[in-house]
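Report on one structure; see the data block that follows.
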Amino acid sequence: MTTTENPAIGKDVDANGIRTNYLESGSGDEHVVLVHGSGPGVTSYANWRLVLPVLGEDFHCVAPDMVGFGYSERPENPDYSVQTWADQTLGVMDALGIGRAHMIGNSFGGAIALRLATQHPDRVDKLVLMGSMGVDFPITEGLDAVWGYDGTLEGMRSVMGYFAYDKELTGAELAQVRYEGATQPGFQESFSSMFPEPRQRWVEAMTTPEKEISALPHRALVLHGREDQVIPLSNSYKLEELLDNADLGVFSHCGHWSMIERTDDFNRLVRDFFKGD
């Protein structure tokens with residue numbers, strides 16, 4: 001990965017007209033694109049800092065900040081939608097000369113990966129969907145709180161409480177760091193405009209038709225934390241049913257951040273999945 005004073009800032013690329021910040025690790029002809037979730041103050045670095053160095057030992061990995069998040073562009077009149085984010089992800093691949101890649105999508109990022117795979121199946125190799133959106137479900141208290149983050153430190157402490165099974169992972173120090181990240185100039189303004197109430201409509205807006213998901217031939221690995229309070233475990237059961245060529249893994253004592261709460265297990269499963277037949 002690029003080393004800067006701020007490790008969340010990597011390289012820039014024009015992706016479908018959007019100036020996109022991305023992190024990179026590894027090299028070679030086999031590529032992995034990692035798409036982050038939609039929490040307040042999220043960046044690719046926050047989601048994937050423990051994954052990129054490990055997968056980079058075997059693959060060329062690219063992790064972009066989606067428009068409106070992190071250090072990518074914040075346009076004046078944005079069209080925040082799953083289609084925009086899917087087109088941006090494909091634009092990153094095009095700009096970097098990546099014809100085909102494995103994809104890892106976390107939560108909101110899973111919905112983006114599914115949309116891209118159904119529209120451009122030839123550009124996606126294997127799929128990893130972790131705590132994924134993309135199918136309809138009644139919005140959880142946790143997701144409603146995450147998307148409704150109010151820009152305060154107290155609000156961040158409350159939001160962080162939904163993410164992890166082990167509350168020591170989401171204590172005052174992390175809340176302070178995420179609060180500082182979320183309240184940089186322009187960050188909270190763009191985030192608060194993405195998912196205004198009533199928020200159930202944004203769950204529905206992030207879906208891909210089940211018929212299109214069922215038509216995907218790709219090998220898929222569906223992962224979920226059993227104690228996830230943000231995206232229900234039933235989503236992953238549904239995706240495993242819909243995807244003909246999918247396997248399902250459920251982590252015990254794990255909330256919404258399996259790549260952080262169960263890092264070694266997550267990295268081993270994903271690397272073996274990508275390297276296998």
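See the values below:
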read-out	value
Residue selected from segment 135-150 under the condition touching a residue at least 60 places away in the same chain (Cβ under 8 Å) and part of a loop (DSSP other than H, G, I, E, B), by the criterion surrounded by the fewest Cβ atoms within 10 Å (Cβ to Cβ)	P138
Of all residues in segment 68-90 being open to solvent by less than 10 Å² (accessible area, probe 1.4 Å) and not aliphatic (A, V, I, L, M), the one that is nearest to P209 (Cα to Cα)	W85
Complete set of residues in segment 209-229 that are more than 25 Å from D87 (Cβ to Cβ) and either in a loop (DSSP other than H, G, I, E, B) or out of contact with any His (no Cβ under 8 Å at 6 or more places or on another chain) (or both)	L223, H224, R226, E227, D228, Q229
Residue match in segment 55-67 (condition: more than 18 Å from L269 (Cβ to Cβ), open to solvent by 10 Å² or more (accessible area, probe 1.4 Å) and modelled with pLDDT of 95 or more)	yes
In segment 153-168, residue farthest from S38 (Cα to Cα) [restricted to those that are outside any loop (DSSP other than H, G, I, E, B), in contact (Cβ under 8 Å) with a residue 12 or more places away in the chain and of a type outside the set (K, R)]	L153
Residues of segment 229-259 satisfying the condition of being buried (at least 17 other Cβ atoms within 10 Å of the Cβ), of a type in the set (D, E, K, R) and without any contact (Cβ under 8 Å) to a residue 40 or more places away in the chain	E240
Selection status of V32, in contact (Cβ under 8 Å) with a residue 60 or more places away in the chain, in contact with a His (Cβ under 8 Å, 6 or more places away or on another chain) and part of a strand (DSSP E or B)	yes
Subset of segment 25-40 [surrounded by 18 or more Cβ atoms within 10 Å (Cβ to Cβ) and more than 15 Å from S107 (Cα to Cα)]	S25, G26, H31, V32
Residue among D58, D79 that alone is free of Cβ contacts under 8 Å to residues at least 12 places away in the same chain and outside any strand (DSSP E or B)	D79
Qualifying positions in segment 185-208 - in contact (Cβ under 8 Å) with a residue 40 or more places away in the chain and not in a helix (DSSP H, G or I)	G186, F195, E197, R199, M206, T207, T208
Residue among R271, R219, R262, R226 that is within 23 Å of H120 (Cβ to Cβ), open to solvent by 30 Å² or more (accessible area, probe 1.4 Å), of a type outside the set (A, V, I, L, M) and in contact (Cβ under 8 Å) with a residue 12 or more places away in the chain	R219
All positions within segment 155-194 that are over 20 Å from the mean Cα position of the chain (by Cα) and of a type in the set (G, A, S)	G155, S158, G171, A172, G186
For D14: the one exception among (1) outside any loop (DSSP other than H, G, I, E, B); (2) within 27 Å of V203 (Cβ to Cβ)	(2)
Segment 164-188 - residue that is of a type in the set (G, A, S) and closer than 19 Å to G148 by Cα and, of those, surrounded by the most Cβ atoms within 10 Å (Cβ to Cβ)	A164
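The values are calculated or read from the model by the stated rules, or taken from the named source; none is laboratory data. Worth saying up front: this structure is predicted, and the values here are computed from it rather than measured. Cβ atoms come from the backbone with ideal geometry, glycine included; neighbour counts cover every protein chain shown. In case anyone asks, the SASA skips ligands and DNA or RNA and just uses the protein heavy atoms, side chains included. Shrake-Rupley method; radii C 1.70, N 1.55, O 1.52, S 1.80 Å.
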